[in-house]
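Shown next, in structure tokens, is the structure this report addresses.
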Amino acid sequence: EFVKRSTKRKRARSSVYENEADMKLNREYNKTVRCSLKEFFECAELLKDRHLARVRKAGFGAMLDGKVRGLISRPLIGFLMGKIDPATMTMKLGEAKVVAITSDAIHHLFGLPQGGHPAPRPSENGHDKAVMKLKQELGFKRSDNIMTRDLRGLLKRLVDDEEKDDLALKVFFLVVFMKVICPGASARISREAPMLEDLDFDKMADMDFCQLLVDELQRAVVRYQSGKALWQAITGCAIAPLLIYLDCCNLRKVSELDTRTPRTHFMTDDSLKKIASADLIQKGGPDTQTWLYGKLPVSLPT
């Protein structure tokens, strides 16, 4: 009996192994970034005028007026996270390129409150009780995993009820903490919950949220560089070092000699993407440390 043989060529064994290695590498180097200015603005756009007035009184008005909403370049974010010295919180891209990430730099970037009182801090551990208390207050079940999309849905309902304005603001600032100030490894409410306990919105403008952001970013850098988080998301406000770095890069026709602050009021996604593209020296693989940036000269703040 005649049996028709397949004319398909068998894949070489070596290429199968190579593909498996590539798949493994892709899994290990997760380019997910937990911070999200887009999420912040999506929630801000749900607020009514009365809520926005209180957000401005709390010292976060400058954030509302920012123009940057995207992540600009995930590879560059990962690259810079690997170049930050956590001991000094400086980005080192050569002898002449040392960019500091300080409380002042964050204030100049975002215009966040930089008051004399410490800001509430996320829990290091043992935050389950605060999470359960917050879930109950927000009307969720104890077993619910609350993501930012759930908070957006809740906020959309709360803003229509003037009697629930305090709760609406609590939900809004929870998103601010989760997506801007101290994004953690988890996509759901976790270590940020204690920050909402007894939070006085009227006193937030006198708190130092800039130093809190730097401290949490430092924690994220240590975690990222330890290698333990290669297959997990990049935590902390990782957009901050990217924006600070790109703001120092000189690209004719795009970069302007402009020292006005907050800097995010005078940046745009399009111009930042052009600068990031022009600064690229060599593309790499899934591991962002195989990419190479630093082509453009920099003008460091005096």
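The values are calculated or read from the model by the stated rules, or taken from the named source; none is laboratory data. As the structure is a prediction and not an experimental result, all values here were calculated from the model. Note that we place each Cβ from the backbone using ideal geometry, even for glycine, and neighbour counts take in every protein chain shown.
Report, by residue number, each residue of region 191-206 that is surrounded by fewer than 19 Cβ atoms within 10 Å (Cβ to Cβ) and not hydrophobic (A, V, I, L, M, F, W, C). Within region 191-206, E197, D198, D200, D202, K203, D206 meet the criteria. Mind checking which residues of region 270-289 are exposed (fewer than 14 other Cβ atoms within 10 Å of the Cβ) and of a type outside the set (G, A, S)? Across region 270-289, the qualifying residues are D270, I281, Q282, K283. Checking each residue in region 102-138 for being buried (at least 19 other Cβ atoms within 10 Å of the Cβ), hydrophobic (A, V, I, L, M, F, W, C) and within 16 Å of M195 (Cα to Cα) picks out A119, A130, V131, L134, L138.
On inspection, Q211 does not qualify as at pLDDT 95 or above, over 15 Å from P120 (Cα atoms) and among the polar types (S, T, N, Q).
Table: residues versus (1) closer than 30 Å to P286 by Cα; (2) surrounded by fewer than 18 Cβ atoms within 10 Å (Cβ to Cβ); (3) over 15 Å from the mean Cα position of the chain (by Cα).
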{"residue": "F40", "(1), (2), (3)": "yes, no, no"}
{"residue": "R54", "(1), (2), (3)": "no, no, yes"}
{"residue": "G59", "(1), (2), (3)": "no, no, yes"}
{"residue": "L71", "(1), (2), (3)": "yes, no, no"}
{"residue": "I77", "(1), (2), (3)": "yes, no, no"}
{"residue": "T88", "(1), (2), (3)": "yes, yes, yes"}
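Residue-wise test of (1) over 30 Å from K164 (Cα atoms); (2) among the charged types (D, E, K, R); (3) at pLDDT 95 or above.
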{"position": "P86", "(1), (2), (3)": "yes, no, yes"}
{"position": "G94", "(1), (2), (3)": "yes, no, no"}
{"position": "H108", "(1), (2), (3)": "yes, no, yes"}
{"position": "H117", "(1), (2), (3)": "no, no, yes"}
